[in-house]
Amino acid sequence: MDGINIKNTGPVLKKNKFFDKIIILDKTESTNRYLAEGKFTSGTIVLAKKQVSGMGRRGKKWESPEGGLWFSYLLNKKKKNPFYHVMCASAGVLSALRKYGAAAKIKWPNDIIIGGKKACGILAENDYYTGRVITGIGINVNNPVPRGTDTPAVSLRCVLKKKINAGKMFLSVIREIDRNFSLSEKKVREYWLKNLTGIAGRRITFVKNGNTFSGTGEGTGKNGIVVSLENGEKTEIKPGDFTI
């Protein structure tokens, strides 16, 4: 991978609070699976030049050829709301991409889009009882993007009209995510909500006090998603407590 190796990541990782170890692979089935099947300490990152069985949500395959950023990290950080990990990751990726000049937005629940096209996907796998969370991130950087996907894909190279140094981008993304985990959940949620799209007009289902409710998304509020219920009332639901 251009611009990144064990030697030149050391000084950067030492400045991080949470991520301080990295494993770089030429090829692996899935960086999430690699971490899940091994015994690694909190703060470990696995970065692969290529994944042959990359995973998306609901078991979908995530195409991961050379030229993109495919990595996962492990944290032992137990939270009542595991979606917090997705918020920290997506907000971090968003901040890094915007520093490169990409007009990126967050699309519920775990995508980063540019001009309505998918540039990044995030998959968090949580073991609540141990507090062990593995988060996988795939960013289309210089790689050819897949066709025929549910959401059209785009690469940063295509958006910015130039080849991107994937190594420098990776370090920028990791720094931003590490910083988010140092912030309060409230600050991360506010930034995430401010930059969230794709909610208005969507059918939303959530559980409250043991009962299931449905309604239509109105947009974002101060602390969550605003939903108009079937009886005309409006309510606000925190991220992670609803499905679309």
* Asked: If we count every other residue with Cβ under 11 angstrom of VAL227's Cβ, Lys/Arg +1 and Asp/Glu -1, where does the sum land?
  -> -1
* **Cβ crowding within 10 Å averaged over residues, with 155-161, 209-215, 140-146 ranked highest first** => 140-146, 155-161, 209-215
* Asked: When the convex hull of the Cα atoms of the range 119-244 is projected onto a plane and the area is averaged over all directions, what value comes out in nm²?
  -> 10.4
* At 0.36 nm per residue, minus the direct Cα-Cα distance, what do ASN223 and ASP26 gain on full extension? Give it in nm, one decimal, please. => 66.8 nm
* Structure fact -> Ordering 174-181, 103-110 by per-residue average of other C-beta atoms within 10 angstrom, highest first, gives 174-181, 103-110
* Asked: Can you list the residues, at least 5 places off or on another chain, whose amide H is less than 5 Å from the amide H of ASN143, using H built in the peptide plane?
  -> GLY68
* Structure fact -> Placing one equal point scatterer on each C-alpha of the range 99-178 and summing with Debye, one gets log10 I(q)/I(0) at q = 0.12, 0.16, 0.21, 0.23 Å⁻¹ equal to -0.38, -0.66, -1.04, -1.19
* Asked: When only alpha-carbon atoms count, how far does the chain stretch along each of its three principal axes, as whole angstroms with the largest first?
  -> 59, 40, 30
* **Cα shape, the range 170-244, gyration tensor, a/c 1.5 rule** => prolate
* Among LEU196, LEU47, LEU25, whose mean-square fluctuation peaks in a Gaussian network model of the chain (Cα, cutoff 10 Å)? -> LEU25
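All of the numbers you see were taken from the coordinates with simple rules; none came from a lab. This structure is a prediction, so every number in the text was calculated from the model and none was measured. Heads up, the Cβs are rebuilt from the backbone with ideal geometry, glycines too, and the neighbour counts pull from every protein chain shown.
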